[in-house]
Amino acid sequence: MATLKTKSNELIHPMEHLLRMDRIPHIWCPGCGIGTAVTAFASALEKSKIDLDKVCIVSGIGCTGRVAGYVKLDSFHTTHGRAIAFATGITLGNPDLKVVVFSGDGDLISIGGNHFIHAARRNINMLVICVNNFIYAMTGGQVAPTTPLSAYATTSPFGCVEPPFNIPYIADSSGAVYVARWTALHIRRLTNSMAEALNKPGFSVIEVISPCAMYYSRINKLGDGLDMMKFYHDNSEIKHGEDTKNLDIGFQTKITVGKFVDRERPTYTESYKKWLSEIKRKK
Amino acid sequence: MKASTKGILTGTHNLSGNEACVEGAIAAGCRFLSGYPIQPAIEIMQRFLERAPEVEATYVQMEDEISALAALLGAVWTGKKGITATSGPGLSLMMEHIGLGVMLETPCVIVDVQRVGPSIGIPNSPGQGDMMQARWGSHGDYEIIALSPSSPQEMFDFTIKAFNLSERYRTPVAIMADEYVAHIREKVVIPPAKEIKIEPRNYYKGPKDKYLPFKRDKNFIPPMVDIGNGYKFHVTGLTHDDQGYPIMNEECQEYNVHPLMWKIRRYVDDIIEFQETKTEDAEVVIVSYGAPSRTALKAIKQARKSGIKVGSLKLDTVWPFPEKRITELAKKVKAFVVPEMNYGQIVLEVERCSYGNANVVFVSYAEKEVDNIDDLLSAIKQVIKEKEARKGIIEYHT
Amino acid sequence: MNPIITAFAKGIKKSGVKPSRISVPSDIPFEPEVVKHLGVDFFHTIRGRAIAFGTGLKLGNPDLIVVPFIGDMMTIGGNHFVHGGRRNMDLLIICVNNFVYREIGGKSAPIQKCEKEQTTTQKFSPYSTFEKPFNATHLANSCGAVYTARWTALHTDELANSIAEALNKRGFSVIEVLLPGPNYYTSIKETDSNLLNFYYKNSVIKNGEAPRFVTITPKEKIIVGKFIDKERPTFIEQYNAQLSKTLGDKFTPHGGKNG
Amino acid sequence: MKANPRNVNTGIYYIDGDVASGQGALAAGCRFIGGYPITPSTEAAEAFAKIAPKAGAVFIQMEDELASIASVIGASCAGVKTMTITSGPGYSLMMETIGFGAMLETPFVILNIQRGGPSTGAPTKTGQADMMQSRWGSHGDYEIIAIAPESPQELFDYTIKAFNLAEKYRCPVMIMADECVGHMTEKVVIPKADEIEIEPRRFYNGPRDKYLPFKPDKDLVPKMVKAGDGYKLYITGHTHDEKGYPILTQNSKVKTQKSTTRRLVDKIKLNADKIIELKEENTDDADVVVVSYGISSRVAVRGIEKAREKGIKVGSLRLVTVWPFPDKKITELAKKVKAFVVPEINYGQVVFDVERCSHGEANVILIPHGGAGVHHPDDILSAIEYASKENKKIEGIIEHKTKLEKLIFEEGYKLKE
């Protein structure tokens, strides 16, 4: 990415035209991985050569839910868990748009789990970027459906008793056409994945494993953001095309990353249009 | 603006309330429906889907009512006019997103075909138990517009009106129908397109980089833009400033939320419509809305025959409530009689606005057939004997 | 008599479980006369919440055997389904699949002619015509169910066996029953027996088939059978184990030995 | 019945309202909380999660608010005392299921720590704008009980009371606290177990085959049984008869509507006098009465003091139970006083009922506040002053213009974070 300059030759941040600079500084804590994901997304927007006027971004509630407020696209900050449902309306209302849902694990998989599986089943044309930090961070560190077994959180003060979701597996089984997982460390690969998915019609899911230094790491005594990055470095394994059922994440276990699913299926809009024209023909 | 001729079935038809509602929506330019099937509102979804190919409308059956309204709000921001249809249980699920609709000032129409509640209640039986819910059901403060049709013809007319009001005031509008009105078949006259007035969306016309999504214009309503036109705007359900950026303090809360009330309250006289029958000389006025107002009109005739001067005030707009008119009437009449298919909701408002100047009698139709005139008449006959205005709502037990 | 209830009654008998221990939260409103002779406690819950309601029942009294009947093919209650599976909540889900598949094994289903011409196929379709339904088994498996099976409602004995087996199994078990009908939620009294027969005849039993491959498609026969039967600690077991580990003596396990 | 000592962590604490409520729930014998994190109510869930396992109670974090309330009703049917914890947006999601709970007449408690609304609003700041929602939020007719505590100590005490009322009247009981009270840290005294009065569930103990789940007993409230006790329950959210069987035909509708839905309304309406709790001060000779609830009553105290210093006869009526509304009391007072002053952290909700019940005999002045903060005592003072001077009867609610409103809309204040 080249250095950008204004007319008066001042150096400006290379992302400036993609971000709402009037809202910076952002709310994320030091060591958080959401910023990395946003950077990767901004780079991917450029890389994919997509018309920026035709991209819009929808977020739910939570730390990652604030992303919509920092990206300079048509952006919507909606209610808890309903980002995908809201985005479904946008993409059906105007099929020329590419909708990106950028939200967290609690928002998309816990309260929004139903919309997630149904949008995947319908193959609604959207890219879902799910930042998974294993915890509800905005509300102060509650247990999430992604919290690994026996990890601590404020509402599981004696260790988490529920096994976590394997997000790629559930996306795959519900019918997503593109499924990938990266950590906040894999910036280049994450960017490439996002750029690829932006140009892919259908329901794409990219899971971004991200450190939460403030809550998850602190409560579980895992060090700061940098320690988590080191952990990702040492413990992630790239396995493209791996069967999604083998992608469980345990407490401080190996993390398998890569692109797992990339297939073709008619999108909802295509099926609907086909059906409409069939009816018209019959009439 | 006049309606587009596309898809308007000008002429006289025999339609059910639900069908008339869809025709109204199509006439109003609605091209998007997201819903979830529920008795007794299904025919709205069915008919819309049947009519979709002709007018190239988009239909989606979502996984639940929560997502149905969320998707509707999303679609409206792409420039479509949209509608969703549901009944009590579905409306309860939509509550959170009615709040979002209010906060994002998104025009949309929600049809609630009321059935007997609470909970599952009796799905195929009429009720009016969601009236207060329409006004108060979502958390936080907001004002909403709710219309209550009493016939298929009104279902048609009010649906168009609902779209117009929602576009003009940028607010969700609820059509509070009931199962009786939704399923009864009657003559519906659909006028030619050029006679149908359509409120166009208030679009922003200034320079792109100057657009502020919540900056109020001279009419106090912020203009809109569609997604995908390069405005790069941001909107949020959080308390926000003109730019749509969240600021969470009491100053912004006041700045953001108080105008949400004012934008409806200052236009109440333009919004509120009601139909009065023989109130000039009335001693007793029946205040009603929806299906029971059909009975009210019959009751007036009978009562007048037996020498009691009875009039009727039928509320077309239930929310905002016609406070002024009730207060005026209260000073002239002896009593109000309020028939409702619930256990007392709008009657509380009538009591509030009559300031102790008139007796307020409640006749519950929750346990009666809609066309029961006798109980209404007997209530009128009893209240006429009351010597003075009592404090509190009167319910005569039959 | 409703074929599902017949099989359920048989299954209860076979399993040896005392009917009074069984609670059935259901978003399908079975008639009181239909349920009465089962001897179970029956709760007709609101749409989609049978599993969440059942979770409460089970945690409120771990001695209960909770059998939610769901009739919406994971539309409104889909989230509770996947999360129930993830937790491995000790529930037996009877998932009544009443989706009308218009073509099976390359043959057209005997859908009434008038219905075919209608733009909306059914009055109460869980999904609209142009959408693909879930492969419930695959979804259940991907979120962690320990037991999955699928039968048509006419496989009475197989279905009863599955129910008996699952009643005695701990964890999140899912039995999908194909029972085409014009309505869902309101009643499944009106069963389309023509269609049911057609499905029965066009099905093939493949026990142990990988869930990924049991999608119901127009060109192939419906695959039925028991697909998954595995062991995984249930929510209550995990809860007791974890809390005993961290709290030691201060903690009394929830639900005693039956948990 | 007295509380079980195992559930009561007797002592003097310095804790916030949320935590106090968690402690109160346990002391009241709550055995199950299904919750979902939402600011500002999460601390109550966290507190309960921490103390529950040692007392044999369960906390489960469900996937959403729809699930948490459904599981709470399920657990209540299994025979235990239950509660859920939430705030505005979660509360909106629960609406359908609250109606279901009311229809099934399952006792349960909802703690709603109100925040700034509508929609996502101001999550970390206070509000009182869900009051009408608590009464009218679900479709159809039903009645509930709502309590508005004003301090952490009250959150402890009234959580216990809420459980007792829920068991007594078999209806949802809402604790309508607000962020201020929920996050306020103060001294909380948890008494000894034998000083805490607990209402046990009224179980049926007649012959099994004679049991009718919805046959009214004392106070129009039916007796309960547990699931799994061999009663072959048939329970439905449909309108039902005493047996619990659904009524779907028009003919029997009339009868069952009377015996179920009307009873749902009547069992609260007719017992209102027993349920309502008010705190009245100096109303005997008052010209003006401040009607308030929750945190607003604490703010009002200062305004009232100032007014008294100026010689205005001000009384105070604090609604501890907001629903059922004390119609009679307001009507009675309206005859005696010049005006009611109602400070609320919303743009007018409970004030409508004050207006309704005063029947035009007293002026009604609303001091609105949008939330994310509390009233300034000066606003309350100036409203009282106005009320005491206004001799004309004015129809309609008089909305008092607050300092904040003037600042924002008249003095050109520029918004900043």
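Remarks
- Helices (runs of 4 or more DSSP H) contained entirely in region A:193-283, each with at least 1 residues that are of a type in the set (Asp, Glu): A:225-235, A:268-282
Yes or no, residue by residue, for (1) outside the structural domain of B:Thr106 (by TED's automatic domain parsing); (2) free of Cβ contacts under 8 Å to residues at least 12 places away in the same chain; (3) more than 23 Å from the chain's Cα centre (by Cα):
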{"position": "B:Ala3", "(1), (2), (3)": "yes, no, no"}
{"position": "B:Lys6", "(1), (2), (3)": "yes, no, yes"}
{"position": "B:Glu19", "(1), (2), (3)": "no, no, no"}
{"position": "B:Val22", "(1), (2), (3)": "no, no, no"}
{"position": "B:Ile38", "(1), (2), (3)": "no, no, no"}
{"position": "B:Met45", "(1), (2), (3)": "no, no, no"}
{"position": "B:Glu50", "(1), (2), (3)": "no, yes, yes"}
{"position": "B:Tyr59", "(1), (2), (3)": "no, no, no"}
{"position": "B:Gly79", "(1), (2), (3)": "no, no, no"}
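- Pairs meeting the criteria (first residue in region A:112-123 and within 11 Å of A:Thr88 (Cβ to Cβ) and facing chain C (nearest Cβ under 7 Å), second residue surrounded by fewer than 24 Cβ atoms within 10 Å (Cβ to Cβ) and of a type in the set (Asp, Glu), beta carbons under 6 Å, at least 6 apart or on different chains) are A:Arg122/C:Glu131.
- Across region B:125-135, not a single residue is classified as acidic (Asp, Glu), more than 23 Å from B:Ala366 (Cβ to Cβ) and either at the interface with another protein chain (Cβ under 7 Å from one of its Cβ atoms) or assigned to a loop (DSSP other than H, G, I, E, B) (or both).
- Where a residue in region B:96-113 is without any contact (Cβ under 8 Å) to a residue 12 or more places away in the chain and within 10 Å of another protein chain (Cβ to nearest Cβ) and its partner, wherever it lies, is surrounded by 24 or more Cβ atoms within 10 Å (Cβ to Cβ) and of a type in the set (Lys, Arg), with Cβ under 7 Å and at least six apart: none
- Residues satisfying the stated conditions in region D:370-401, i.e. within 8 Å of chain B (Cβ to nearest Cβ) and without any contact (Cβ under 8 Å) to a residue 60 or more places away in the chain: D:Glu395, D:Gly396
- Only a single item in (1) modelled with pLDDT of 95 or more; (2) more than 19 Å from B:Ala162 (Cβ to Cβ) is not met by B:Pro320, and it is number (2).
- Residue match in region B:137-160 (condition: of a type outside the set (A, V, I, L, M), touching a strand residue (DSSP E or B) at 6+ places or on another chain (Cβ under 6 Å) and within 29 Å of D:Ile113 (Cα to Cα)): yes
- Options A:Glu242, A:Glu237, A:Glu278: the member that is of a type outside the set (A, V, I, L, M), out of contact with any Pro (no Cβ under 8 Å at 6 or more places or on another chain) and within 13 Å of chain C (Cβ to nearest Cβ): A:Glu278
- Tally, over region B:249-273, of residues that are under 27 Å from B:Asn342 (Cα atoms) and more than 13 Å from chain D (Cβ to nearest Cβ): 3
- Scanning region B:84-104 for residues that are assigned to a helix (DSSP H, G or I) and of a type in the set (Gly, Ala, Ser) turns up B:Gly88, B:Gly90, B:Ser92, B:Gly99, B:Gly101.
Residue-wise test of (1) modelled with pLDDT under 95; (2) under 23 Å from B:Met62 (Cβ atoms).
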site	(1), (2)
A:Arg20	yes, no
A:Arg23	yes, no
A:Pro30	yes, no
A:Gly65	yes, yes
A:Ala83	no, yes
A:Val100	no, yes
A:Ser103	no, yes
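- Residues located in region B:39-70, provided they are more than 10 Å from chain A (Cβ to nearest Cβ), of a type in the set (A, V, I, L, M, F, W, C) and under 16 Å from B:Ala174 (Cβ atoms): B:Ala41, B:Ile44
- Checking A:Ile61 against (1) among the β-branched types (Val, Ile, Thr); (2) surrounded by fewer than 22 Cβ atoms within 10 Å (Cβ to Cβ); (3) within 14 Å of chain B (Cβ to nearest Cβ), the condition it does not meet: (2)
- One residue alone among D:Gly79, D:Gly29, D:Gly24 is in contact (Cβ under 8 Å) with a residue 60 or more places away in the chain, farther than 19 Å from A:Asn114 by Cβ and within 7 Å of chain C (Cβ to nearest Cβ), and that residue is D:Gly79.
- Counted as qualifying within region C:1-103 are the helices (runs of 4 or more DSSP H) with 2 or more residues that are in contact with a Pro (Cβ under 6 Å, 6 or more places away or on another chain) and at the interface with another protein chain (Cβ under 8 Å from one of its Cβ atoms), namely C:50-60.
- Hey, B:Glu276 more than 13 Å from every other protein chain (Cβ to nearest Cβ), touching a Ser or Thr at 6+ places or on another chain (Cβ under 8 Å) and not aromatic (Phe, Trp, Tyr) or not: yes
- Out of A:Tyr232, A:Tyr268, one residue alone is touching a residue at least 40 places away in the same chain (Cβ under 8 Å) and in contact with a strand residue (DSSP E or B) (Cβ under 7 Å, 6 or more places away or on another chain). It is A:Tyr232.
- Applying a threshold of 7 Å to beta carbon distances and a minimum spacing of six or more residues, or different chains, the list of pairs starting in region B:322-338 at a residue that is among the aromatic types (Phe, Trp, Tyr) and ending at one that is modelled with pLDDT of 95 or more and part of a loop (DSSP other than H, G, I, E, B) reads B:Phe336/B:Ala358.
- When residues of region A:13-34 are limited to those that are of a type in the set (D, E, K, R) and assigned to a loop (DSSP other than H, G, I, E, B), the one nearest to the other protein chains (Cβ to nearest Cβ): A:Arg20
- Verdict on B:Leu73 being buried (at least 24 other Cβ atoms within 10 Å of the Cβ), at the interface with chain A (Cβ under 7 Å from one of its Cβ atoms) and either touching a Ser or Thr at 6+ places or on another chain (Cβ under 7 Å) or not in a helix (DSSP H, G or I) (or both): yes
- Selection of helices (runs of 4 or more DSSP H) fully inside region D:116-192 by the criterion of at least 1 residues being within 14 Å of another protein chain (Cβ to nearest Cβ) and farther than 30 Å from B:Ala134 by Cβ returns D:179-183.
- Only one of B:Arg216, B:Arg168, B:Arg201 that is more than 14 Å from chain A (Cβ to nearest Cβ) and within 30 Å of B:Ser150 (Cα to Cα): B:Arg168
- Residues satisfying the stated conditions in region B:133-172, i.e. aliphatic (A, V, I, L, M) and over 13 Å from B:Val111 (Cα atoms): B:Ile144, B:Leu165
The values are calculated or read from the model by the stated rules, or taken from the named source; none is laboratory data. Quick caveat, the model's predicted, so the values are computed rather than measured. Ideal geometry is used to build each Cβ from the backbone, glycine not excepted, and the neighbour counts take in all protein chains shown.
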